[in-house]
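Okay, structure first, notes after.
The values are calculated or read from the model by the stated rules, or taken from the named source; none is laboratory data. Keep in mind that what you see is a predicted model, and the values were worked out from it rather than measured. In this analysis, Cβ positions are derived from the backbone assuming ideal geometry, glycine residues included, and neighbour counts consider all displayed protein chains. Accessible surface is based on the protein model in full, side chains and every heavy atom, while ligands, DNA and RNA are left aside. Shrake-Rupley method; radii C 1.70, N 1.55, O 1.52, S 1.80 Å.
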Amino acid sequence: MNDNTYSGATEAELSFLKEIVRMLPAGLTVQDAHGELLLVNDAAAAQLGMDGSRHSPDLAPRQEACRQALSAGQAVVTEEALHVGAARQVLLTTHRPVRLAGRELLISASSDITEQKNFEDQLFRSAYFDELTGLPSRRVIEHRANNLLATGHGGERFALAFLDVDNFKHINDYYGHPVGDALLVELSKRLGRDLRDSDMLSRISGDEFLLLLSPIQSQEEVAEFMQSTLERLTAPFFIDNSEVFASTSVGISLYPDHGSSFETLRQNADIAMYRIKNNGKGLATFFDTSMEREAQARMKVEQSLRLAILEKRFCCAFQSKVDIRTQAVKGIEALVRLRDDEGVIQAPGSFINLAGELGLIDELTHLVLAEIVKSIDLINDTFGADTTISINVAAKQAGNPEFMRSFARALDDTGFPQRFMMEVTEDAFVAKNHFQAEILPMFRKLGVGISIDDFGTGYSSLSALADITADEIKIDRSFITDIHKRPRSQGILRAIESLSEALGMTVVAEGLESYEELAYLQAATKIRYAQGYYFSRPIFLEELKLATPVSSEARVSVASRPMQQNRQGYSRASGYRR
Ligand code: C2E
Ligand code: MG
Ligand code: MG
């Protein structure tokens, strides 16, 4: 195109071009060297508020950009945020100086990037701020700490506290997630009170917070501050008509005493927090080097547990559940055992919680079931072919529909699901996680029996029993020990017994160790079944196989062997009367 063609344009062509410029979807302005607007198309008029949509359009930024671009003699790109009432409009504008017909002019083209901008902001917020509490994220506090470390003029000290809400999982399970979330919000408010502008509180995951206190003068000052913070947390929270109590465990590391990088300081604060968790919770402590050794030892246990699962170094011991009126074995319970690196057999107390924390417990349960299936002939020969077989399932597993579905499938695949009973603690039943309504029916359909394990130790009350549908209730050993000497336990036992009877649940006494306990149960209660060292300790089937050739005699001896020493006084029963 040359000047001739342009000047030769017809009137019609010119007005056609003018209309196109006017209606361009991008905002277009032309200014002269003084910033005076020579041309404003419709989109630009709307963007600048010159279309009557705003009272007084603010053209100052546009004129300033003009001055800059013209004096620089090159294109300038600017981002302008215009506020129209509460709404924000963001324009991305390219200002290009041109010489046209001997005049210095500035052509500016703007596009509206409000939507992209809002989206970017949202991304930014979610990367740097926690959505639930509005607190800065881990990246922000890490950045702040790194800044302090980098500019640490004169070795200014600071403290990093790692806070973890105690039993948060329980609270979540028991009250439901909305209450758990609300609790975290309220907690973060209480934690954030009394902070200085130079301090920072951050939520780094689920129920974990990091608190940066900077600057600090002394360890004592930090200890005092944390103490008063923790005290503030002990008052109950009122959420959704519930009174929720929460405590928090805190581990603290100091810079420069306990590390010179954010990661080390955070780790050491975490290690100190872990110490508190194991020693009563709800307190704060500072890191010290002895804790480091502890943490290393724990790592070793973790590693060996992972390895044991990988190498399937697990086996099952079986304990019989006995009819105390006839001595017949009614069922058996599979109790998992771990063969550690040195070949020593470990009871679940030493590893089951850790397996839960490390996410290894589901695999463990499947291993237990596989071992039962593998040994089913031996089980039948030893205990009888119609004994029930009980498997323990942790409350955490019980609330996980995915695992429970796979477990139900595995039970079904054995071909004899009706032989099984599933033992779950009462917490699983009262948790608001659909266990009763959705998960249990799956097992009922297969004919799997449901048992409430360790009853009396959990969070539920006796009245909660009424809402629980189970076939069996196992009364915790703590009530059975010395039952004949403890009137209070006797009263509780009577209450559980009559309630269970009304609800059609079989009662099993756990941890029966002495003849006196047995005699009491026989004489003063209607309880039919018991499990405990008195009848049999948990035994390994292989050992049994080695000791005695399998026969019907061997079957009887399992239940009665330990009793024989007690036989004497046994039939003479006792003086208890109902
Ligand atoms: P539990 O299900 O209540 O099992 C009964 C525990 O009491 C067993 O401990 C058993 O050896 C012990 N016991 C039985 N009779 C007596 C007695 O007369 N006196 C005393 N002092 N103790 C007795 P164990 O085998 O150490 O298991 C502890 C817990 O570990 C079990 O308690 C159960 O909750 C859990 N557990 C065991 N196996 C598994 C498993 O495969 N999966 C899961 N999730 N948990 C398991
Ligand atoms: Mg059990
Ligand atoms: Mg139990």
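Given the criteria on the phi < 0 side of the Ramachandran plot and either away from ligand 3 (no atom under 16 Å from the Cβ) or touching a helix residue (DSSP H, G or I) at 6+ places or on another chain (Cβ under 6 Å) (or both), does residue 470 qualify?
On the way: on the phi < 0 side of the Ramachandran plot: yes; either away from ligand 3 (no atom under 16 Å from the Cβ) or touching a helix residue (DSSP H, G or I) at 6+ places or on another chain (Cβ under 6 Å) (or both): no.
Here the answer is no, as residue 470 does not meet what is asked.
Output yes when any residue across the stretch 267-289 is touching a Lys or Arg at 6+ places or on another chain (Cβ under 8 Å) and open to solvent by less than 40 Å² (accessible area, probe 1.4 Å), and no when none is.
Checked the stretch 267-289: at least one residue is touching a Lys or Arg at 6+ places or on another chain (Cβ under 8 Å) and open to solvent by less than 40 Å² (accessible area, probe 1.4 Å).
Which ones in the stretch 372-396 are outside any loop (DSSP other than H, G, I, E, B) and more than 16 Å from ligand 2 (Cβ to nearest atom)? Break it down stepwise before answering.
Taking the stretch 372-396 first, the residues outside any loop (DSSP other than H, G, I, E, B) are 372-374, 376-383, 388-392, 395-396.
If the condition is that a residue be outside any loop (DSSP other than H, G, I, E, B) and more than 16 Å from ligand 2 (Cβ to nearest atom), then 373, 374, 376, 377, 378, 379, 380, 381, 382, 383 are the ones that fit.
Got a number for residues in the stretch 361-394 being more than 13 Å from residue 541 (Cα to Cα), among the aliphatic types (A, V, I, L, M) and open to solvent by less than 20 Å² (accessible area, probe 1.4 Å)?
Looking only at that region, the number is 7.
Which one of the conditions (1) out of contact with any helix residue (DSSP H, G or I) (no Cβ under 9 Å at 6 or more places or on another chain); (2) within 16 Å of ligand 3 (Cβ to nearest atom); (3) at pLDDT 95 or above does residue 347 fail to meet, given that it meets all the rest?
The failed condition is (3).
Out of the residues in the stretch 406-460 meeting the condition of being closer than 25 Å to residue 530 by Cβ, assigned to a helix (DSSP H, G or I) and more than 16 Å from ligand 3 (Cβ to nearest atom), tell me which one is least open to solvent (accessible area, probe 1.4 Å).
Looking at the filtered set, the residue picked out is 443.
Going by the conditions given, is residue 343 without any contact (Cβ under 8 Å) to a residue 40 or more places away in the chain, assigned to a helix (DSSP H, G or I) and either surrounded by 16 or more Cβ atoms within 10 Å (Cβ to Cβ) or among the small types (Gly, Ala, Ser) (or both)?
Details: without any contact (Cβ under 8 Å) to a residue 40 or more places away in the chain: yes; assigned to a helix (DSSP H, G or I): no; either surrounded by 16 or more Cβ atoms within 10 Å (Cβ to Cβ) or among the small types (Gly, Ala, Ser) (or both): yes.
When the stated conditions are applied, residue 343 does not pass them.
Which ones in the stretch 461-476 are in a helix (DSSP H, G or I) and either among the small types (Gly, Ala, Ser) or surrounded by 19 or more Cβ atoms within 10 Å (Cβ to Cβ) (or both)? Give the steps one after another, and end with the answer.
Kept after step one, since they are in a helix (DSSP H, G or I), are these residues of the stretch 461-476: 462-467.
Of everything in the stretch 461-476, those that are in a helix (DSSP H, G or I) and either among the small types (Gly, Ala, Ser) or surrounded by 19 or more Cβ atoms within 10 Å (Cβ to Cβ) (or both) turn out to be 463, 464, 465, 466.
When you scan the stretch 330-351, how many residues do you find that are more than 28 Å from the chain's Cα centre (by Cα) and not hydrophobic (A, V, I, L, M, F, W, C)? Explain how you work it out, then say what you get.
Initially, the stretch 330-351 is screened for residues more than 28 Å from the chain's Cα centre (by Cα), giving 330-334, 339-345.
Imposing the further condition that a residue be not hydrophobic (A, V, I, L, M, F, W, C) reduces the set to 330-331, 333, 339-343.
Residues that pass the stated criteria total 8.
Take the conditions more than 23 Å from residue 273 (Cα to Cα) and either within 16 Å of the chain's Cα centre (by Cα) or surrounded by 13 or more Cβ atoms within 10 Å (Cβ to Cβ) (or both) and apply them to residue 125. Does it pass? Reasoning before the result, please.
On the way: more than 23 Å from residue 273 (Cα to Cα): yes; either within 16 Å of the chain's Cα centre (by Cα) or surrounded by 13 or more Cβ atoms within 10 Å (Cβ to Cβ) (or both): yes.
When the stated conditions are applied, residue 125 passes them.
Quick check on residue 527: is it in contact with an Asp or Glu (Cβ under 8 Å, 6 or more places away or on another chain), of a type in the set (A, V, I, L, M) and either touching a residue at least 40 places away in the same chain (Cβ under 8 Å) or within 16 Å of ligand 2 (Cβ to nearest atom) (or both)?
Working: in contact with an Asp or Glu (Cβ under 8 Å, 6 or more places away or on another chain): yes; of a type in the set (A, V, I, L, M): yes; either touching a residue at least 40 places away in the same chain (Cβ under 8 Å) or within 16 Å of ligand 2 (Cβ to nearest atom) (or both): yes.
Yes; evaluated as a whole, the condition is true for this residue.
Can you find a residue in the stretch 113-123 that is outside any helix (DSSP H, G or I) and within 30 Å of residue 134 (Cα to Cα)? If you could, list the steps in order and put the result at the bottom.
If we filter the stretch 113-123 for residues that are outside any helix (DSSP H, G or I), which is where we start, we get 113.
After this cut, where a residue has to be within 30 Å of residue 134 (Cα to Cα) as well, the list is 113.
Yes, because at least one residue in the stretch 113-123 is outside any helix (DSSP H, G or I) and within 30 Å of residue 134 (Cα to Cα).
Please verify whether the stretch 107-129 includes one or more residues that are among the basic types (Lys, Arg) and within 27 Å of residue 31 (Cβ to Cβ).
Quick first cut of the stretch 107-129, residues among the basic types (Lys, Arg) only: 117, 125.
The next check asks that each one be within 27 Å of residue 31 (Cβ to Cβ); those that pass are 117.
Yes, the conditions are met somewhere in the stretch 107-129.
Against the definition (surrounded by 14 or more Cβ atoms within 10 Å (Cβ to Cβ) and assigned to a helix (DSSP H, G or I)), how does residue 489 come out, yes or no? Let's see the steps before the verdict.
Details: surrounded by 14 or more Cβ atoms within 10 Å (Cβ to Cβ): yes; assigned to a helix (DSSP H, G or I): yes.
Yes, satisfied.
Across the stretch 233-276, what is the number of residues that are more than 28 Å from residue 157 (Cβ to Cβ) and touching a strand residue (DSSP E or B) at 6+ places or on another chain (Cβ under 8 Å)? Full working, then the answer.
Step one: filter the stretch 233-276 for residues more than 28 Å from residue 157 (Cβ to Cβ), giving 234-246.
From what's left, touching a strand residue (DSSP E or B) at 6+ places or on another chain (Cβ under 8 Å): 236-238, 243-246.
Within the stretch 233-276, residues that are more than 28 Å from residue 157 (Cβ to Cβ) and touching a strand residue (DSSP E or B) at 6+ places or on another chain (Cβ under 8 Å) number 7.
With the requirement that a residue be under 30 Å from residue 354 (Cβ atoms) and either open to solvent by 40 Å² or more (accessible area, probe 1.4 Å) or more than 16 Å from ligand 3 (Cβ to nearest atom) (or both), what does the stretch 310-336 give you?
Quick first cut of the stretch 310-336, residues under 30 Å from residue 354 (Cβ atoms) only: 310-321, 331-336.
Once the filter is applied, which keeps residues that are under 30 Å from residue 354 (Cβ atoms) and either open to solvent by 40 Å² or more (accessible area, probe 1.4 Å) or more than 16 Å from ligand 3 (Cβ to nearest atom) (or both), the stretch 310-336 yields 310, 311, 312, 313, 314, 315.
Out of curiosity, is residue 502 outside any loop (DSSP other than H, G, I, E, B), free of Cβ contacts under 8 Å to residues at least 12 places away in the same chain, more than 16 Å from ligand 3 (Cβ to nearest atom) and assigned by TED's automatic domain parsing to the domain that holds residue 395?
Details: outside any loop (DSSP other than H, G, I, E, B): yes; free of Cβ contacts under 8 Å to residues at least 12 places away in the same chain: yes; more than 16 Å from ligand 3 (Cβ to nearest atom): yes; assigned by TED's automatic domain parsing to the domain that holds residue 395: yes.
Yes, satisfied.
Within the stretch 40-55, is there a residue that is of a type outside the set (Gly, Ala, Ser), surrounded by 14 or more Cβ atoms within 10 Å (Cβ to Cβ) and assigned to a helix (DSSP H, G or I)? Give the derivation first.
So the first thing to find is which residues in the stretch 40-55 are of a type outside the set (Gly, Ala, Ser), and the list is 40-42, 47-48, 50-51, 54-55.
From what is left, the residues that are surrounded by 14 or more Cβ atoms within 10 Å (Cβ to Cβ) are 40-42, 47-48, 50-51, 54.
Still in the list and also assigned to a helix (DSSP H, G or I): 42, 47.
Looking for residues that are of a type outside the set (Gly, Ala, Ser), surrounded by 14 or more Cβ atoms within 10 Å (Cβ to Cβ) and assigned to a helix (DSSP H, G or I), one finds at least one in the stretch 40-55, hence yes.
Could you check the stretch 413-469 and list, in sequence order, the residues that are within 16 Å of ligand 2 (Cβ to nearest atom) and hydroxyl-bearing (Ser, Thr, Tyr)?
425, 451, 457
Does the stretch 516-524 include one or more residues that are of a type in the set (S, T, N, Q), over 13 Å from residue 324 (Cβ atoms) and more than 16 Å from ligand 2 (Cβ to nearest atom)? Step through it out loud before you land on a result.
First, pick out the residues of the stretch 516-524 that are of a type in the set (S, T, N, Q): 522.
From what is left, the residues that are over 13 Å from residue 324 (Cβ atoms) are none.
No, because not a single residue in the stretch 516-524 is of a type in the set (S, T, N, Q), over 13 Å from residue 324 (Cβ atoms) and more than 16 Å from ligand 2 (Cβ to nearest atom).
From the list 304, 320, which one is touching a residue at least 40 places away in the same chain (Cβ under 8 Å), small (Gly, Ala, Ser) and either outside the structural domain of residue 511 (by TED's automatic domain parsing) or within 16 Å of ligand 2 (Cβ to nearest atom) (or both)? Spell out the reasoning first.
Numbers: 304 fails: touching a residue at least 40 places away in the same chain (Cβ under 8 Å).
Selected residue: 320, the only one of 304, 320 that is touching a residue at least 40 places away in the same chain (Cβ under 8 Å), small (Gly, Ala, Ser) and either outside the structural domain of residue 511 (by TED's automatic domain parsing) or within 16 Å of ligand 2 (Cβ to nearest atom) (or both).
Of all residues in the stretch 346-357, count the ones that are open to solvent by 40 Å² or more (accessible area, probe 1.4 Å) and either away from ligand 2 (no atom under 16 Å from the Cβ) or of a type in the set (Gly, Ala, Ser) (or both). If you could, list the steps in order and put the result at the bottom.
Of the residues in the stretch 346-357, the ones open to solvent by 40 Å² or more (accessible area, probe 1.4 Å) are 346-347, 349-350, 352-353, 357.
Those left that are additionally either away from ligand 2 (no atom under 16 Å from the Cβ) or of a type in the set (Gly, Ala, Ser) (or both): 346-347, 349-350, 357.
Final tally of qualifying residues: 5.
Kindly indicate whether any position in the stretch 153-165 is in a helix (DSSP H, G or I), closer than 20 Å to residue 274 by Cα and either open to solvent by less than 20 Å² (accessible area, probe 1.4 Å) or in the same structural domain as residue 243 (by TED's automatic domain parsing) (or both).
no
What single numbered condition from (1) in a helix (DSSP H, G or I); (2) at pLDDT 95 or above; (3) β-branched (Val, Ile, Thr) fails to hold for residue 507?
(1)
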